[in-house]
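Where a number appears in this text, it was derived from the coordinates with a stated rule and is not lab data. The shown structure was predicted, so the numbers you read here are calculated from the model rather than taken from an experiment. Please note: Cβ atoms are built from the backbone with ideal geometry, for glycine as well, and neighbour counts cover all protein chains shown.
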Amino acid sequence: MVAEQITDTRALEGTLLSLYARIVGKKEEIDLEEIDLYFQGTTEKRMRRVSPQDIIHAVCSYYGIKQTTIKSPIRSDAIAFPAR
């Protein structure tokens with residue numbers, strides 16, 4: 001059941017460790033109820049995909065520059081290495 005929800009081995013290992021951490025001191029083994037509860041909680045917490053536009057917006061907001069400046073072919077020192 002766990003392997004059906006996971007896409008790679010690293011995520012599988014992390015999920016199993018998280019499940020184990022949830023039951024330590026409560027139960028002796030991971031049961032189906034605990035797995036269901038775990039995956040219900042993770043589907044609610046899934047983050048949305050970050051687009052390149054989101055990154056450009058965040059960088060421009062942080063450094064106080066316009067998006068047209070960051071997208072332009074000009075790479076002056078003030079833009080390429082902004083001081084914060």
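Rank by packing, highest mean first: peptides 19-25, 35-41, with packing defined as the count of other Cβ atoms within 10 Å averaged across residues.
35-41, 19-25
Please state the relative contact order of the chain as a whole percent: Cα pairs under 8 Å, 6+ residues apart?
On the way: 21 pairs, mean separation 12.3, N = 84.
Reported relative contact order: 15 percent.
Efficiency by 1/(1 + (r/R0)^6): what FRET value for Thr69 and Thr7, r their Cβ-Cβ distance, R0 = 41 Å, to the nearest 0.05?
Efficiency at R0 = 41 Å is approximately 0.60.
So, in nm, how far is label Leu16 from label Ser51 when the simple model puts each one 7 Å beyond its Cα toward the Cβ?
3.9
Which whole-Hz couplings ³J(HN,Hα) result when phi for each residue of the stretch 56-71 is put into the Karplus expression 6.51 cos²θ - 1.76 cosθ + 1.60, θ = phi - 60°, listed in order with x for Gly and Pro?
4, 4, 5, 5, 5, 5, 5, 8, x, 10, 7, 5, 5, 5, 6, 8
Can you check what the Kirkwood hydrodynamic radius comes to for the chain, Cα pairs only, in Å to one decimal?
About 16.7 Å for the chain.
To the nearest 20 debye, what charge dipole does the chain have about its Cα centre, counting +1 at the Cβ of each Lys and Arg and -1 at the Cβ of each Asp and Glu?
Charge dipole, the chain, about its Cα centre: 880 debye, nearest 20.
What range in the chain is the longest one free of GluC sites (Glu not before Pro) that are in a loop by DSSP and have at most 16 other Cβ atoms within 10 angstrom?
30-84
Using a 7 Å offset from the Cα along the Cα-to-Cβ direction at both Ala78 and Gln40, what is the distance between the two label points in nm, to one decimal?
Label-label distance for Ala78 and Gln40, simple model: 5.6 nm.
What 222 nm value per residue comes from the helices of the chain, counting each DSSP H run with n ≥ 4 as -39,500 (n - 2.57) and dividing by all residues, nearest 500 deg cm²/dmol?
Theoretical 222 nm ellipticity from helices: -18000 deg cm²/dmol.
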